[in-house]
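Readers should treat all values here as calculations from the given coordinates under stated rules, not as data from a laboratory. As the structure is a prediction and not an experimental result, all values here were calculated from the model.
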Amino acid sequence: MRNIPEGTQVIHHISAQDCAFYKEENEILKVWNSGTWVNAIVPNLEKMMELDFELEVLKSM
């Protein structure tokens, strides 16, 4: 199991072996990449849900 970055709100399960960590900050979706939070391509968590991303919610949005 990987360490979950501080501030993570949801985990996107990409495959059985891979996942991505996301959080919203000031209405901007951020993804954990190489040890830092960067702006995500998807605009927000609601859009990820609309697109049927497999998400695990860790903190209320």
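Based on DSSP H segments of at least four residues, each scored -39500 (n - 2.57), the chain has a per-residue ellipticity at 222 nm of -2000 deg cm²/dmol. Normalising the average separation of contacting C-alpha pairs (under 8 angstrom, six or more residues apart) by the number of residues puts the relative contact order of the chain at 35 percent.
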